[in-house]
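All remarks here apply to the structure that follows.
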Amino acid sequence: MSTHFETDAIRIQTPRSHYGEHSSALYLTSSFVFDDSEDMRASFADEKEKNLYSRYSNPNVNEFVDKMVVLEGAESGYAFASGMAAIYSTFASLLESGDEVLSCQSVFGATHALFTKYLPKWQISTTYFFSQDQYDVERLITPATKILYLETPTNPGIEILDLEFLGAVAKKHGMIFIVDNCFATPYLQRPIEYGANIVVHSATKLLDGQGRVLGGVAVGEKKYIDQIYAFSRLTGPSLSPFNAWVLSKSLETLAVRVEKHCHNAMKVAQFLEAHPLVASVKYPFLDSHPSVEIAKKQMKLGGNLVAFEVKGGIEGGRGFLDRVELCSLTANLGDTRTIVTHPASTTHSKLSQSERLEVGITPGLVRCSVGLEHVDDIINDLNAALNGN
Ligand SMILES: *Cc1c(COP(=O)(O)O)cnc(C)c1O
């Protein structure tokens, strides 16, 4: 029976135990027992068929991975203790000395640091392109460029990268195309349909969506995931069964949550655009967004991140943060709770002013991860903070 996204996210389930539990049981066990020496021998010979040890696989982790594989339209997957574990393990498994990575400049800060501080230790270099130069990216490709890596929408600049175009470029040059799909989730955007070979996620964000656990996952073509699995079962960045159980439950409500996040975000973006103390607003589905057409082609809705420039520069942005009452000031995003941050004085404070401007981070820029509170209450809080009350 062919089923829809919502149904798969709910119904894909590890076989029930003999108790017949309706909601999945939690398998907090580090290892699994065998019937006899022959069962043990056979299980070691074909370790993927049976759970042996929870660094390799576990029923709760398998359930989460199986869901993500189907939701992203992938062949295979492996789950990690965090998004960064997924990203690091993917790069460490696939790259060799002398390889080059071509990456969008606007990637998650820790990913950027991995590229600039650690991959060079193994003679792997990274070339960056700005999202505004994406259609010119071919001139940066060399015979050593092995991976094309990006996030879209970007954070906190909320720029859109053209998955169809970049997927075709990667294919033409035989590169492995990897997309961090954390901000869109497979409910809004499925990069594999545009040629991505691997999709990585920080499950900590919208996949959990409730600010509870860290997690990560890589899904994609089996030949690559097999390499990632071989490295990871050895090095041990595996997801814990408990976190997998939480994440698997979270996926059951992903569609309804993301749908509502996006509707709230659109209303917030429209409110901000009309506010006299806001200089500009970036949201993928606003008509004023420079890439609104590409966004509407590759995304179902605009996502939950809204970036806006408060008039008054650094003081304007920070003053705004000091006046919100409902919204939280915290480092997470994609939570049920609305979160506001000021990138210029926090996540991106180590960059120079001109480096910040190159990735769209103006002095008064505020990033809002719109939550699931009643949208009128979110807007009232933002309005009061803008007006200085
Ligand atoms: C948060 C985040 C990560 C890192 O995920 P962790 O679970 O915190 O390790 C990677 N990529 C993006 C886009 C993120 O937002």
The residue that is nearest to the ligand (Cβ to nearest atom), considering only those in segment 111-152 that are surrounded by fewer than 18 Cβ atoms within 10 Å (Cβ to Cβ) and among the charged types (D, E, K, R), is 117
Residue that is modelled with pLDDT of 95 or more, under 17 Å from residue 309 (Cα atoms) and either over 20 Å from the mean Cα position of the chain (by Cα) or polar (S, T, N, Q) (or both), where the choices are 357, 386: 386
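So that you can scan it fast, the table gives a plain yes or no per residue for (1) assigned to a loop (DSSP other than H, G, I, E, B); (2) within 16 Å of the ligand (Cβ to nearest atom):
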| site | (1), (2) |
| --- | --- |
| 243 | no, yes |
| 248 | no, no |
| 259 | no, no |
| 289 | yes, no |
| 300 | yes, no |
| 315 | no, no |
| 318 | no, no |
| 330 | yes, yes |
Some residue of segment 141-164 being among the aromatic types (Phe, Trp, Tyr) and touching a helix residue (DSSP H, G or I) at 6+ places or on another chain (Cβ under 7 Å): no
Of all residues in segment 177-194, count the ones that are within 11 Å of the ligand (Cβ to nearest atom) and in contact (Cβ under 8 Å) with a residue 60 or more places away in the chain. 5
Those residues of segment 71-107 which are over 25 Å from residue 132 (Cα atoms), within 12 Å of the ligand (Cβ to nearest atom) and among the small types (Gly, Ala, Ser) amount to 79, 81, 82, 83, 85, 86, 89
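What residue, among those in segment 1-30 that are assigned to a loop (DSSP other than H, G, I, E, B) and aromatic (Phe, Trp, Tyr), is farthest from residue 239 (Cα to Cα)?
Only one residue fits best here, namely 19.
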Residue that is farthest from residue 338 (Cα to Cα) [pool: residues in segment 261-284 that are in a loop (DSSP other than H, G, I, E, B) and more than 19 Å from the chain's Cα centre (by Cα)]: 276
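Within segment 1-51, take every residue that is aromatic (Phe, Trp, Tyr) and over 27 Å from the mean Cα position of the chain (by Cα) and give me the one that is nearest to residue 64 (Cα to Cα).
Looking at the filtered set, the residue picked out is 32.
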Given 159, 193, 164, 151, which one is of a type in the set (Asp, Glu), touching a Cys at 6+ places or on another chain (Cβ under 8 Å) and at negative phi? 151
Flagged in segment 195-220 as in contact with a Phe, Trp or Tyr (Cβ under 6 Å, 6 or more places away or on another chain) and either assigned to a helix (DSSP H, G or I) or within 11 Å of the ligand (Cβ to nearest atom) (or both), in numbering order, are 216
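The values are calculated or read from the model by the stated rules, or taken from the named source; none is laboratory data. On a predicted model such as this, the values are computed, not experimentally measured, just so you know. Cβ atoms come from the backbone with ideal geometry, glycine included; neighbour counts cover every protein chain shown.
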